[in-house]
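S.K.: To start, I am sharing the structure in question, which I have written as structure tokens.
The values are calculated or read from the model by the stated rules, or taken from the named source; none is laboratory data. Since the model is a prediction, treat every value here as computed from it, not as a measurement. Counting neighbours? That spans all protein chains shown, and the Cβs are built from the backbone with ideal geometry, glycine included. Calculation scope for accessible area: heavy atoms of the full protein, side chains included, ligands and nucleic acids excluded. Shrake-Rupley method; radii C 1.70, N 1.55, O 1.52, S 1.80 Å.
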Amino acid sequence: MSEPLKIVTTVALQAVIEKLKPAFTKATGLGIEMAFGPPSAAVELIRKGEAADIVVSTPDGIDALIQEGLVAGGSSRPVVRMQMGLAVGLNEAKPEIASAEQFKAALLGAKSIIHANPATGSPSAEHFLKVVQQLGIADEVARKTTIRAGVVAHAVASDECAMAVQQLAELMLVDGVHVLGPFPHELQNYVPLSAAAHAQSRAPQAAKVLIDLIAAPDTKSIIVEAGLLPA
């Protein structure tokens, strides 16, 4: 088998890509290698010369890379929308969070909270800080919050923290936590993602195959199962 196709993507797409690997390998004879980072970090990796065949970022990020000649024009396709969620430890209370009031009470009732570091460009961290301001509980939440790069639900699984805040799809990747569900609609942040082929891809046809697989109508059920929404 030739070298695997490399995709630079947010962790939120990991489960979807893993499910599509067999179909992709059957069609191309190639494996898949993934490098992870928030959407803005994916753009910066490509700008710094990271070797890749596909990059996944926000539509604005992909458009910028097209203008810079780093992504093949015409190869971009919308693939999914991310949504934010909460998860708690298996021994923690499991509050309802369907409404804004329930969500607020859940945050106030959590013994400790962890979310991604906004300095990394994490859209989930940036939005969560806006939400707690909107709810009027920013100070209360800040006093019991830890920030960290990466998939923060691992800290909940190890009982280091009681509640994790991140993209729902990323929370669902972690064993040993209870995912409460997505943010209420009125507090939600839907982040669209697009996939495009790198202008210097070693396997542009294979890159197109994978992008088409992710965007295919038949993949919608896999996308929803992974905690994402179809584009």
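S.K.: May I ask you to derive the FRET efficiency for Asp218 and Ala35 from their Cβ-Cβ distance with R0 = 35 Å, giving the value to the nearest 0.05?
M.R.: Efficiency at R0 = 35 Å is approximately 0.85.
S.K.: Also: If contacts are Cα pairs under 8 angstrom and at least 6 residues apart, what is the relative contact order of region 122-211 in percent?
M.R.: Averaging sequence separation for qualifying contacts and normalising by length gives 22 percent for region 122-211.
S.K.: Quick one: compute the contact order of region 32-79, relative version, from alpha carbon pairs under 8 angstrom and 6+ residues apart, as a percent.
M.R.: It rounds to 30 percent for region 32-79.
S.K.: If you don't mind, there's one more thing I want to ask. Return one number: the angle in degrees, 0 to 90 and rounded to the nearest 10, between the long axis of the Cα atoms of helix 14-28 and the longest principal axis of the Cα atoms of the chain.
M.R.: 20
S.K.: For the chain, taking Cα atoms only, what is the radius of gyration to one decimal and the Dmax to the nearest whole Å?
M.R.: Final numbers for Rg and Dmax: 18.1, 56 Å.
S.K.: Please list, in order along region 110-125, the HN-Hα scalar couplings obtained from phi with the Karplus expression 6.51 cos²θ - 1.76 cosθ + 1.60 (θ = phi - 60°), rounded to whole Hz, x for Gly and Pro.
M.R.: Result, rounded to whole Hz: 6, 5, 7, 9, 10, 9, 5, 7, x, 5, 7, x, 5, x, 5, 5.
S.K.: From the Cα trace of region 1-117, what convex hull volume per residue do you get, rounded to a whole Å³?
M.R.: Taking only Cα atoms, region 1-117 has a hull volume of 158 Å³ per residue.
S.K.: In whole angstrom, and with the biggest value first, how far do the Cα coordinates of region 89-145 range along each principal axis?
M.R.: In descending order, the Cα extents are 30, 24, 21 Å.
S.K.: To one decimal place, what Kirkwood hydrodynamic radius in Å is obtained for region 160-203 from all pairs of distinct Cα atoms?
M.R.: Here the Kirkwood hydrodynamic radius works out to 13.6 Å.
S.K.: Can you give the Rg to Rh ratio of region 88-217, both from alpha-carbon atoms, with Rh computed by the Kirkwood formula?
M.R.: Radius of gyration over Kirkwood radius for region 88-217 works out to 1.06.
S.K.: Okay, next question. Using a 7 Å offset from the Cα along the Cα-to-Cβ direction at both Asp159 and Gln134, what is the distance between the two label points in nm, to one decimal?
M.R.: Here the modelled spin labels are 3.5 nm apart.
S.K.: Could you tell me the calculated FRET efficiency between Ala142 and Arg81, based on Cβ-Cβ distance and R0 = 25 angstrom, to the nearest 0.05?
M.R.: Efficiency, rounded to the nearest 0.05: 0.30.
S.K.: In degrees, nearest 10, range 0 to 90: what is the angle between the Cα axis of helix 100-109 and the longest Cα principal axis of the chain?
M.R.: Orientation of helix 100-109: about 70 degrees from the principal axis.
S.K.: Rounded to the nearest 5, what % of the DSSP beta bridges within the chain are antiparallel ones?
M.R.: 60
S.K.: Here is a further query. Using the Kirkwood radius over C-alpha pairs as Rh, can you work out the diffusion coefficient of region 17-68 via Stokes-Einstein at 10 °C, viscosity 1.306 mPa s, in µm² per second?
M.R.: Value of D from the Cα-based Kirkwood radius: 129 µm²/s.
S.K.: What's the carbon and sulfur percent of the chain's accessible surface, probe 1.4 angstrom, rounded to a whole number?
M.R.: 52
S.K.: At 7 Å along Cα-to-Cβ for each site, give me the label-to-label distance between Ala93 and Glu225 in nm.
M.R.: Output for this residue pair reads 3.5 nm.
S.K.: Still on this structure, please answer the following. Taking only Cα atoms, what is the 0 to 90° angle, nearest 10, from helix 204-215's long axis to the longest principal axis of the chain?
M.R.: Roughly 40 degrees between the two axes.
S.K.: Send over a whole-number figure in Å² for the accessible area per residue of region 1-78, probe 1.4 Å.
M.R.: For region 1-78, the per-residue accessible area is 46 Å².
S.K.: State, to one decimal in nm, how far the label point of Ala199 lies from the label point of Asn117, with both points 7 Å from Cα in the Cβ direction.
M.R.: 3.1
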